[in-house]
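Below is one structure, written out as structure tokens; comments come after it.
Please treat every number below as a calculation from the coordinates, not as lab data. These figures come from a predicted structure and were not determined experimentally. With ideal geometry, Cβ positions are generated from the backbone for all residues, glycine too; neighbour counts draw on all protein chains shown.
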Amino acid sequence: MSSPCDPQYAPAGDVGAALMMIDSRLKSIYAGKSGIDPEQQELIDQFTASLGPTGVDDLVEGACTLIYMYMQWLRMAYEDHDRDVIEYVVPTFVASTRMMRKSVRPEVIPTMTGLLVAAGTGLSPSLWRRQYGDWTKDEMNALEATVVLLAEHINRLTGDHDFATRLITEALTRSNED
């Protein structure tokens, strides 16, 4: 039976722009920079301001697409070792976000966890979230943190700081060739 949250019904959004922002955050983390570089934040703020309302929606959809793709990759990786993606990703994610008090408000952690569970069970995170109304401002930082944490989890598993970014860029390249 088909679900209204089936990924085939979800817009992909601007995956390229979302990936660019996430890759930038990862590079900053791997460079050992604590906090957000003010210059980098200014560039990101200028970029998002230039998008306009529909562009921001596309960026959010793109971030949700990244969550879906990362969770599907993690699901397959964990299943290869007879493990459940929800069991191995969600508790670590919740613990990590609870420590991010400056950028992730505690009340949005359940929503972000729901996005991971939805994606891990084959549902579209954006369509799952849509059933609860509009995105809130507090969820935007948490959404970005969610994608960064998933990408970093993949990079840690593979021992390659660029693996998660390369995974998506290769998928985008293949889809453009088709």
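With a cap of 12 neighbouring Cβ atoms within 10 Å, and only residues DSSP puts in a loop, list the GluC sites (Glu not before Pro) found in the range 133-178. Walk me through the numbers on the way to the answer.
Numbers: sites: E139, E144, E152, E170, E177; in loops: none.
Passing sites in the range 133-178 do not exist.
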Practice task
Please give, to one decimal in nm, the separation of the simple spin-label points placed at F47 and D84, each 7 Å out from Cα toward the Cβ.
Solution key: 3.7 nm
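Which value, in debye to the nearest 20, describes the size of the charge dipole of the range 61-178 about its Cα centre when Lys and Arg Cβ atoms bear +1, Asp and Glu Cβ atoms bear -1, and nothing else is charged? Please report the intermediate quantities before stating the final value.
On the way: 12 positive and 17 negative charges, 101 e Å.
Approximately 480 debye in magnitude.
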Practice task
With an 8 Å cut-off on Cα pairs and a minimum separation of 6 or more residues, tell me the relative contact order of the chain in percent.
Solution key: 30 percent
Handout entry: Kyte-Doolittle mean at least 0.5, axial Cα span of 18 Å or more - DSSP H helices of the chain
Key = 15-30, 85-98
Exercise for the section: List the aspartates and glutamates whose Cα lies under 17 Å from the Cα of K27, skipping any in the same chain that are fewer than 8 positions away. Expected result: D37, E39, E42, E144, E152, D160, D162
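Could you calculate the contour length gain from R130 to T169, that is, 0.36 nm times the residue separation minus the distance between their Cα atoms, to one decimal place in nm?
Taking 0.36 nm per residue and subtracting the Cα distance, the gain is 11.4 nm.
Provide the FRET efficiency to the nearest 0.05 for the N176-K27 pair, computing r from the beta carbons and using R0 = 30 Å. List each step's numbers first, then the result.
Numbers: r = 24 Å, r/R0 = 0.80.
The computed FRET efficiency comes out at 0.80.
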